[in-house]
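The values are calculated or read from the model by the stated rules, or taken from the named source; none is laboratory data. Bear in mind the structure is a predicted one, so any value in this text is a computation, not a measurement. A quick note on method: Cβ atoms are made from the backbone with ideal geometry, for glycine too, and the neighbour counts reach across all protein chains shown. We work out accessible area using only protein heavy atoms, side chains counted, and drop any ligands, DNA or RNA first. Shrake-Rupley method; radii C 1.70, N 1.55, O 1.52, S 1.80 Å.
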Amino acid sequence: MISFTRRRLLAAAAALPVGPKLVVTGQVLSARCEPVANALLDFWHADEDGEYDNRGFRYRGHQFTDAEGRYRLQTIVPAEYPGRTRHIHVKVQAPGKRVLTTQLYFRDEPGNRRDGLYRPDLEMRMAGKGAGEGRFDFVVEI
Ligand SMILES: [Fe+2]
């Protein structure tokens, strides 16, 4: 288990060739649209070859939301792997509350319609062209 906060998954892979960069931002909100501070977000995804690093955990890291419930993840665009469309795994937990485990998806991915786990309401809103900047707000029960 990784015990330190890691917002920038790129740093751990600095010496290795990486895929296109991706920044994901957003907020954790309550059902009443109030920001949730100190919520835990644990992100992980496949690498540029569609593989998971289950030893060094190169593309896995957790962070906590700030006072306005905001988070910011700096990483790469994960590659697809057989049977799955492009996705990012995430666990979200408001302090002392139940863990929400879900996935984020990319708009206009050809693989989306072939993936039974894909859900359109879990698509990130992408800013600009391509897949470089995504936004997603999580709503949790508190
Ligand atoms: Fe996966």
Qualifying positions in the stretch 41-73 - more than 16 Å from residue 9 (Cβ to Cβ) and either free of Cβ contacts under 8 Å to residues at least 24 places away in the same chain or surrounded by 19 or more Cβ atoms within 10 Å (Cβ to Cβ) (or both): 65, 69
Residue under evaluation residue 100, criteria (1) over 19 Å from residue 20 (Cβ atoms); (2) within 16 Å of the ligand (Cβ to nearest atom), criterion not met: (2)
Qualifying residue in the stretch 76-97 (condition: among the acidic types (Asp, Glu), away from the ligand (no atom under 14 Å from the Cβ) and in contact with a strand residue (DSSP E or B) (Cβ under 9 Å, 6 or more places away or on another chain)): no
Those residues of the stretch 83-142 which are open to solvent by less than 50 Å² (accessible area, probe 1.4 Å), among the hydroxyl-bearing types (Ser, Thr, Tyr) and either touching a Cys at 6+ places or on another chain (Cβ under 7 Å) or not in a loop (DSSP other than H, G, I, E, B) (or both), in sequence order: 102, 105
